Structure formats: C-alpha cells, structure tokens
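Chemist: Pasting in a structure now, in structure tokens, and then I'll have a few things to ask.
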Amino acid sequence: MQVQLNAQLFNKRLNQVLSAWNSAKNDEDYSALADVDAVFLPSGDIAGEDEPIRKGTAFQTWLLGYEFPSTFILFQKDRLYILCSPTKAKFLSQIKSSGSPVPIEILVQAKAKDPPTDALPKFLAAYASHSRVGALTKETHTGKLIDEWNKALSESSEKPSVVDVTPAVAASMGVKDEEELKAVRTAANLTSTLLAHHAALKLETILDREAKISHEAFATQIEARLGYGEGDSAKGPDMKVWNKAKGLNNVDWGSTEFCYTPIIQSQNTKSGYDISPAAESSPDDMAHKGVFLVALGMRYKGYCANLGRSFIVDPSKEQEAIYNLLLSLQAEILPIMKDGAVIRDVYNHALAYIKEQKPELEKHFVKNIGHGMGMEFRDSTYLLSPKNGRKLKTGMVFNLVLGFQDLVEDSKKYALQLIDTVLVNNDKAVCLTTGVKSIKDTMFFLNQEAEVNGKESAPSKKPPKTKPGVNGNASPAKNKMAGSKVLRNKTRSAAHAELVQSSAAKIAEHQRELHTRLQSEGLAKYSESGGGTAGKEGKGWKRFQSYKGEAGLPREAESLRIYVDRKSQTIILPIHGFAVPFHINTIKNVSKNDEGEFTYLRVNFQTPGQLAGKKEDTPFEDPDATFIRSITYRSPDGHRFDTISKQITDLKKEVNKREQQKKEMADVIEQDTLIEVKGRRPLKLPEVFVRPALDGKRLPGEVEIHQNGLRYQSPLGSQRIDILFSNVKHLFFQPCDHELLVIIHVHLKAPIIIGKKKAHDVQFFREASDVQFDETGNRKRKYRYGDEDELELEQQERKRRQILNKEFKAFAEKIGEAATASTGDTLEPDIPFRELSFEGVPFRTNVRLQPTTECLVHLSDPPFLVVTLADIEIASLERVQFGLKQFDMVLIFKDFTKTPLHINSIPSSQLDDVKNWLDSVDIPLAEGPVNLNWGPIMKTINEDPYGFFQGGGWTFLGGSPGGDESDVDDDSDTESEFAADEVSSEISESSEESAYFDGSDASDDEGSGSDFGSDDSEGDDWDELEKKAAKADKKRVENGKGHESDDSDRPKKSAKSAKPKKR
C-alpha cells in the first residue's frame, strides 16, 4: 500500500474537532458550530497550480495527512460518512479500523464502467436527515462527483438549511501542534536562507555590475535554487546555498516548494509598487537605483512561511528614517502579539505608534498588518485588521506585514515593507524568519569618490575589495601620502603625521560602529534561542556493552583469573568468586608495584571528581552514583602481571587511537559521482603536481575539467582525485611572482579522503624555475662573457614566469566558469594581495599570510591556511606593548564552538597594516597587552551566549582600538573577569606560544588516553595519601600559615591581575 495514513494523528485531530463542537456554545471561536447538526465538506477536482489552497482542502489534508480529490465527508457528532471512489476507499479503510472516536462509514462509488451503487443516495439521505448543516459556503468546486451531487440534491424533496462554519474550521487549524511547528520552522529557515545567501547577494551583484536583467528573470533565477527541469535534464536543489544554513541537513526536498513565484519590484515596474502577495514580477528590466521590494514564500510539508524586505540604493535621510520606523514598529508589536491579545488591539497599537512617531505617515500605513498562516497561505479569518475581534492563542502562526504605500521621493512613488513569519507565545511573539533586516544589510550607498571623478558608480555596502595598487584602493598604511604634492603651508612630515592621525581617527570611529553592530547582532541572534551549547556538542554519555549476557563470556572467564578480551574490548576481573567484565572505556589506567616477593596490580577506573579543571567535563550517566575508584590484586607471579599490565595498556591505547581516528573522519563526506564530459575532450592543464601527494613516485599529472567537477589524473593511470564543484568553497590562483611555485588552490566545504588521510584543501602547482632551460653548454655561450649571458637568462626566466602565470590564470578562470555553469552560483578565482601580506606563525613555522577578497590564506607550503573572512566574529590583537618586537592575533569565529585561530609572532612594525586591513574588511578588532586563555573564555561564552552579550559581549577585550574605552587606567580595580594574569603570562609566554601551535583547544589537550605513559599514573593508596595530607597540615600550622595561604615557592600575583574564570 503506497499511501500510509497516520491513524493516530487522525484520531487525535478528529477528537479535537468533536470536543470543540460539543463545547461550541461556550467558546466564541467555535460558536458557528453551536446550532448545526452536521458539517459537510465536499472536494471536487484538483485545483490548478496557480490557485491558492482552499480551506476545505487544507482541513482535509490537516485531518487525513493527504489531499483526497472528489471525496465528500459528512461529520456528525456520533458518526462520520465518507463518499469516495474504490481506490480511495482502500486507503481510507486504514482509519476505519484504527479505533476512531466515532464510527466511520465509507460509501464507495462505482467505477466508470460498472453499474452505479447506492453510495450517493445513502450519503444524500444522511445529509438530508438534518435540519441545519454547516459548510464552507464561500468555496465552489467542480468535477463529475460535484455535478452528480448538485443534480441529486436539486431533485431531493428535503433540503437542510446551510450555515457557514468557516471561522470554526479556521479555529481548529489555528493553533499548531509541535509537529506542525517543526514544519513551519523548517519553511522559515528555508526562506531566510534563500534570502540571505542568494537573493540579497545576487541583488547586490546586479546593482554592482549594473547588469541588465528583468524582474521576472531574477525571480526565475531565485526559484531555480530549489531545482528545475524534468527527466534526465532535471537539476536538484542548489546545495551550495542550502548548506550555508544550520538545521537543513535532513530536509525532504520532495515536500519543499514555493508558495508563489518570488516577487521582485523596482521603480521600473510599470504597475507600480504593490506590497500584497498577489503582486507579480514584471518582465520590465530592473532599475539600478531607488527602492527594491523582494518577497519570498516557501512551503514545507504543506506549511507556509513568508518574508519580505526593502532594499534602497542611495537612500535619503527621510527614507532611512521611515525604514528605521518599520524596524522599531516590528519590535514594538511583537511583545503585544501574545496569548489572549485581541487582534484589533494589535492593529490599533501599531497605528497609535505611527501617529506618535510620524503622524504624517498614518494615511500611508497598510490597512491590515498581516494574516494567519499554516497550510493556507492566507487565512482571512485571522486577518490582522482593525475590525477583527478574535483572540490570539499560543501556537498560532502569522504573516506580519508592515509597510507604507504611495510614499513620494523626487516626485516618484515608492513603498517600503518589512514582512516576517511570527509565532505567538505566552509572553510575546517571535520571528521565525530572520536576517537581512538591519540598515547595513538593506541600504546601498553610491561610491561618492567615483562620482567626483565623473564616473558611474556602483552601489556598495562596504568599501570596495578590489586589488590594491590597481585602482588606488590600497591599504591606508601602504598608501599614506594623498598624492605626490606637498601642501604649501605644511612640511612633508607634518602632512604625513596629520594623515596618519586622521586615518587612526577614522579607524577608531569605524570600529566603534562595528562593535556596536556586533553587540546588537549578538543580542538579536541569541535572544530567541536563549542558552548556548555549553560546550556539550560531541560530549555525551556513550553507552557501551561488553556482552549481551553471561552466555557471551569467553571460556577463559571460568578460571576466575584476570583475562583481557581484545575482541570485546573488555577486562574480566575475578571479584568474590565471580567473573566481572569491565569495558576498557571504564578503565583509566593500570599500575604495577613490586613489594617483596609479591607483585601488586592496581586497576584505576574512570570516576567523577578525580581531577579539578578541564577533565571534570567528562560526562557520566549518573555522577551522583557510587563508583569504584580502583581495585588491587596481589600475586607472586610477577611475569603474568607484567603481561596483563601491558595488554591492558596496549588495548587502552588502541581504543583511544581508534576513537581519535573516528573523530577526525567524522566530517568527511562521500562525494557524488563525477560526470565526465561527453562528445569532446575535457579541458586539461598538463604537467602539474598535486598536494597532498598521491602514493608512489612523485610524477606530474594533469587536471581535467568535467561537467560537474575536476579530475586529477596521475601518469600511472591507477590513481586519481575527483573534486565536485558543489563541494568547492573557494578557488585561488597564486602567481609565481616572488614565489617558487605557480598555484591553483581549491578549498573544500567538507573534507575528502585522499590516500588514507582527509584533506580540506587540494592544490595543483608547477615549479616556476626549471633546470631544463639551463643554457650551459650551448655553443652561443663561448662567444659571450660577463653579464650578457646572465641578463639573457633573467629575461628568459621572467618570460617563462609570465607564460606560467597566464596559463594557470586562464585555467583557473575556466574552472570558475565551469563551476558557475554547473552549480548556478558564481565562483571566481581569488588572487592573494601580496601588497597586504604580513608574517606570522599560524602553526609551527613562520610564514607569509596574504589577504584575498574573501579570505586570509597561506598557500605556498603545507599545512595550508584558508580563513573565510565572513566567518570571523572579532579579531583580538594581543601582546601589543611598547618595546615588544612582536604581537599575536587571535581570530574568533562566529561559530563559537570552533577553536579560535592563533596567529603568533607578527612583527610589531606591521601592526598598523594589520589593523588597517582588518578595518577595511569590516572585522571588529580589539587590542590588549597580554595573551588571554581562550579555552575557558569560549567555554563560558558557549554556556550562555545570550548572557554573555547581555553582560557587555566583547567589551571585555577593551573595545575598539584608538577610542577612549581602550585606554588602560592603572588605578582601575574593575577589570574584566576575562583579563589575563600579566605576571604569569609573561613567565609562561614561550610555553603558551608552543601550546597555540598545535591549533587545539585547551579542553582537547587531555583525552582519555593521556594518562598512559605518564609518571603520575601510579597512585598511592588511601593510607599513604592521608599520612601525606596530615604531614602537610602540620607543617602549615608550624609555619603560621592557614590553608588559604599560597605556598611560598609559588610566584606572587599582581594585585591587579585576575585569572579568567567561569561566570
């Protein structure tokens, strides 16, 4: 049986409807049902794709889980009648025998060629036996069954009066259960992702390039992200877009669709701006200035979500003020939309807020501010209008539509909108759709500098990220002189000092804006979700089982001797005449001591409370249970205990190694099959080496561009590497200017296995200097002496490098074009800016780090470094002190669960360059005199991100550099709890640096296997420990010190210093 109905859900919802019907006289929402004897819900032929979903169809789908066309349902308080075809009757029979609240009678129509049955007359008789029947009177249906029904009803002598029960049907579907809300949240996530990671970026690109494209074509491009085409040429969802969101891994794409074709409007739309969802994207070409309205609606498993945004190019002060009013109005309304609120009060509150803030906009405000939403895109019963007296209830979902129409700017009409899907809760409503809402995301400003030069300017939200030195947009520190002229009334040094000072002031001002924005975004991001992960991702109590029962024990257990069962990863210990198995994961370590003629074997178990600090994070199923800490055995057979100790230690190491490998390979993906180019030879780049290298002899191979990816083929033929375009995150081309290699570098979204190791990066390169071009021995050489020959060799070297650069760049561009054609998203080769480069130690060696348009990279030698700038939350510059020759930089990612990246030992002479670069790419930065211990800091933030931002967020780092807040007051005793211990950090500076080199978090330094091989693994027994403790207490008393005093040999702490601590 192909269709499987959810009988349990049907019974639950039918019971909900019948209960509401029985208590209709006492419930205003269901009052329409109070005086009816039955409810009649007919359905005819399937509606057209362009028609909205009818309420009757939505109710039928809500009740049964599927739409059943040409099916009649008659609800009675004591019985349910269903009239349908034989095929549908087979499916509906599932609910008949499922323990329904009332009996269900299925009346089966005859097939087309069979003689008619008495099903329709029986259904009509049941219908006509009532005096008042409820129905959805505004709905009309068509179809053969409808025609037969109308004919039979007209011939019937008894006809009941019909009552409209639309409000009651809407109320029954109004409050969503948890399963429905899950579908709505997924739909909202899909809609928000499509806007933030595709529609908004595409719009920015169109405006930036002044591309000629119609509203209709742009809408079609957006719609294609969900897939297009049929049959063999069909393309699935664009995972490059959808993978950028969290929570979309298990989406059923077959149940995902658009509620309507995306609506794109600009000032070139002939019909003018229209905020309603009935608007359409016109075939007119999009304008490149003015106001742009974008609306997207998506449906998942039948449930809708919708959002709309306004984008403005070069807005006026008035337009900015009106849009700000929309933002504040939404923030004002959400707390009002709570359980029990009356709809008209919500609208009137919004109107009153408009009158208070900008009374002249009252006449432009929308006539209603949205509607209920669920399976129906627009439920008019819950229209958010000034006349609706219905109440809101927890679990209801609304499309909140705020906007102003017929506004005028420069004698041209425009409109502004802010539309979101919201969920009503007990205390306030929350937005389910998010993103691209703030002023910085929706306002595009013209490049004023280009206008002054008389050139057309493209709108941009950020300073242009084009290559420095080419169009004058060099880093401020690299281009300090404003032209080559000397100002008449100032010397060069004075002009230079003023320029540096003004540059620092600009950076400080910009950084204040970035920090303010970062704080507000952090509060907004975590306000709905509340607490954080508490660092528990990946940490949980893992259940393990040695044997399923006593029958599973090995034979060796019968001897009641210690036995190491490697196959089951278990140690069997004899205890009081019983063979007791202990899984290796329960054992911490073993120790062996020889005392006289006996050998003691001690097995220490994993228990909570053994160590303070990092290891206390080890999870236990019940930490309050009684634990065995250790068990000791004595034997005169020392050799046997040696063997057992070694076996347990080896097994523990083996298990730890296996767990570590499994953890490392957790994020590795299995790529789809590479589709080879057919009908022609693929484009190739010959004679290139690959990193990571393949097994065997190092020989150059060739890279081929295929339909949906790249293939590196080794000359041996048996080895190859396939890279799909859908898994490419960044593509880089690094020329061989000032380098020994010319490189095409591919950074992947998810790692793949090459050989036996996983790789995040794949690099194709060729050496720039080649010995085969050596002219030694050429007959021309004997006629030349001195520098002439060397000059010729240098010219040939330069020419060869130019040819290499040209060849690799052209191939990288072809890769980008092929990837764009395959995935539909633009992929362009990114070239590092050597002019902005600086030296640092991201791993174990000092390397040159080079910024690109979107990343910070080191590509010349492995290990490679690729950091996406968009993933960086804030940059912390540490050890910035007068007199120190180097400073460190820590990059904290927006995903707080990621370990911050430490780049150490950057020359202090490049501090200004680094700060200017960070500021130019809109990364907030802070600087401090000491290193911070980021392990505990990130753990504290992850425990409660919202509380962290409420407490000031990143202000503990010192705020923006150059501002007043960054000045350190020596007498201040209100240091942040995250401030590092200055003395201890100076003492342990080298050890901290070496700890940073491994790139791991502090919490990762100690695993379950770290105790093996350590000197501390052999513990004293309890009597010895108590003696030592008593002796230490006695010594303290004799010296006149209490328990709280520090040991005399510890370094004294600065009075001002404070260690990082938990909140």
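The values are calculated or read from the model by the stated rules, or taken from the named source; none is laboratory data. If you're wondering where the values come from, they're calculated on a predicted model, not measured in any experiment. Quick reminder, even Gly has a Cβ in these numbers, built from the backbone with ideal geometry, and neighbours come from all protein chains shown. Areas reflect the complete protein model, heavy atoms only, side chains present, ligands, DNA and RNA absent. Shrake-Rupley method; radii C 1.70, N 1.55, O 1.52, S 1.80 Å.
Chemist: Tell me, which residue of segment 528-548 that is open to solvent by less than 70 Å² (accessible area, probe 1.4 Å) and modelled with pLDDT of 80 or more is farthest from the chain's Cα centre (by Cα)?
Modeler: Looking at residues that are open to solvent by less than 70 Å² (accessible area, probe 1.4 Å) and modelled with pLDDT of 80 or more, I get Tyr547.
Chemist: While we're here: How many residues are open to solvent by 20 Å² or more (accessible area, probe 1.4 Å), in contact with a helix residue (DSSP H, G or I) (Cβ under 9 Å, 6 or more places away or on another chain) and in contact (Cβ under 8 Å) with a residue 24 or more places away in the chain when one looks only at segment 365-380?
Modeler: Residues flagged as open to solvent by 20 Å² or more (accessible area, probe 1.4 Å), in contact with a helix residue (DSSP H, G or I) (Cβ under 9 Å, 6 or more places away or on another chain) and in contact (Cβ under 8 Å) with a residue 24 or more places away in the chain within segment 365-380 amount to 3.
Chemist: Let me ask you something else. If only one of Lys467, Lys485 is within 27 Å of Ile831 (Cα to Cα), open to solvent by 30 Å² or more (accessible area, probe 1.4 Å) and at pLDDT below 65, which one is it?
Modeler: Going through Lys467, Lys485 in turn, the sole match is Lys467.
Chemist: Moving to a separate point now. Write out, first by first residue and then by second, each pair whose Cβ atoms fall under 9 Å of each other, whose residues are 6+ apart or on separate chains, and whose first residue, in segment 547-559, is within 16 Å of Ile584 (Cβ to Cβ) while the second is open to solvent by 70 Å² or more (accessible area, probe 1.4 Å) and in a loop (DSSP other than H, G, I, E, B).
Modeler: Pro554/Lys567
Chemist: In addition: If you take the residues in segment 615-651 that are part of a helix (DSSP H, G or I) and under 36 Å from the mean Cα position of the chain (by Cα), which one is modelled with the lowest pLDDT?
Modeler: Selected residue: Lys615.
Chemist: Based on what the data block shows, is Phe68 open to solvent by less than 30 Å² (accessible area, probe 1.4 Å) and either among the polar types (S, T, N, Q) or part of a loop (DSSP other than H, G, I, E, B) (or both)?
Modeler: yes
Chemist: Within segment 707-756, considering only strands (runs of 3 or more DSSP E) that don't extend past its boundaries, which have at least 2 residues that are within 30 Å of Gln795 (Cα to Cα)?
Modeler: Of the strands (runs of 3 or more DSSP E) lying wholly inside segment 707-756, those with at least 2 residues that are within 30 Å of Gln795 (Cα to Cα) span 728-734, 741-754.
Chemist: Just give me the residues in segment 652-690 being modelled with pLDDT of 85 or more and closer than 19 Å to Arg566 by Cα, in sequence order.
Modeler: Lys652, Lys653, Glu654, Val655, Asn656, Lys657
Chemist: Among (1) in contact (Cβ under 8 Å) with a residue 60 or more places away in the chain; (2) surrounded by fewer than 18 Cβ atoms within 10 Å (Cβ to Cβ); (3) closer than 30 Å to Met173 by Cβ, which single condition is Gly308 missing?
Modeler: (2)
Chemist: Oh, and also: Counting only residues that are in a helix (DSSP H, G or I) and modelled with pLDDT of 90 or more, which one in segment 820-844 is least open to solvent (accessible area, probe 1.4 Å)?
Modeler: Here the residue is Leu836.
Chemist: Only one of these is within 35 Å of the chain's Cα centre (by Cα) and in the same structural domain as Ile752 (by the TED database): Leu710, Leu716, Leu674. Name it.
Modeler: Going through Leu710, Leu716, Leu674 in turn, the sole match is Leu710.
Chemist: Let me spell it out: the conditions are (1) open to solvent by less than 50 Å² (accessible area, probe 1.4 Å); (2) over 37 Å from the mean Cα position of the chain (by Cα); (3) farther than 21 Å from Lys138 by Cβ, and Leu392 meets all of them except one. Which number is the exception?
Modeler: (2)
Chemist: Filtering segment 41-56 down to residues that are open to solvent by less than 20 Å² (accessible area, probe 1.4 Å) and closer than 22 Å to Met373 by Cα, which residue is nearest to the chain's Cα centre (by Cα)?
Modeler: Looking at residues that are open to solvent by less than 20 Å² (accessible area, probe 1.4 Å) and closer than 22 Å to Met373 by Cα, I get Lys55.
Chemist: Within segment 433-446, take every residue that is in a loop (DSSP other than H, G, I, E, B) and open to solvent by less than 30 Å² (accessible area, probe 1.4 Å) and give me the one that is farthest from Lys391 (Cα to Cα).
Modeler: Among them, the one singled out is Val436.
Chemist: Okay, moving on. As an exercise: evaluate Ile644 against (1) touching a residue at least 24 places away in the same chain (Cβ under 8 Å); (2) open to solvent by 30 Å² or more (accessible area, probe 1.4 Å) and give the number of the one condition it does not meet.
Modeler: (2)
Chemist: List every residue pair whose Cβ atoms sit under 7 Å apart, with the two residues 6 or more apart in sequence or on different chains, where the first one lies in segment 795-823 and is over 18 Å from Leu741 (Cβ atoms) and the second, anywhere, is surrounded by 15 or more Cβ atoms within 10 Å (Cβ to Cβ) and charged (D, E, K, R).
Modeler: Close Cβ pairs (under 7 Å, with a partner that is surrounded by 15 or more Cβ atoms within 10 Å (Cβ to Cβ) and charged (D, E, K, R)) amount to Gly816/Glu828; Thr823/Asp238; Thr823/Lys240.
Chemist: Being of a type in the set (Val, Ile, Thr), over 26 Å from Ser31 (Cα atoms) and either over 50 Å from the mean Cα position of the chain (by Cα) or assigned to a helix (DSSP H, G or I) (or both): is that true of Thr142 here?
Modeler: Answer is no for this residue.
Chemist: Taking segment 71-83 as the region of interest, how many residues are part of a loop (DSSP other than H, G, I, E, B) and either touching a Pro at 6+ places or on another chain (Cβ under 9 Å) or surrounded by 22 or more Cβ atoms within 10 Å (Cβ to Cβ) (or both)?
Modeler: 2
Chemist: How about segment 298-330: which of its residues are among the small types (Gly, Ala, Ser) and either modelled with pLDDT of 95 or more or within 25 Å of the chain's Cα centre (by Cα) (or both)?
Modeler: Gly302, Ala305, Gly308, Ser310
Chemist: Right, something else. For segment 164-200, give me the residue count where each residue is open to solvent by 30 Å² or more (accessible area, probe 1.4 Å) and closer than 28 Å to Val133 by Cβ.
Modeler: So the answer is 3.
Chemist: Would segment 865-877 turn up any residue that is open to solvent by 50 Å² or more (accessible area, probe 1.4 Å), in a strand (DSSP E or B) and not basic (Lys, Arg)?
Modeler: No: segment 865-877 contains no residue that is open to solvent by 50 Å² or more (accessible area, probe 1.4 Å), in a strand (DSSP E or B) and not basic (Lys, Arg).
Chemist: Among all residue pairs at least 6 apart or on different chains, which show Cβ distances below 8 Å where the first residue, located in segment 895-911, is outside any loop (DSSP other than H, G, I, E, B) and the second is polar (S, T, N, Q)?
Modeler: Asn904/Gln886; Ser905/Asn846; Ser905/Gln886; Ile906/Gln886; Pro907/Gln886; Ser908/Gln886
Chemist: If we keep just the residues of segment 681-694 that are closer than 18 Å to Pro863 by Cα and not β-branched (Val, Ile, Thr), which is surrounded by the fewest Cβ atoms within 10 Å (Cβ to Cβ)?
Modeler: Across segment 681-694, the extreme among qualifying residues is Ala693.
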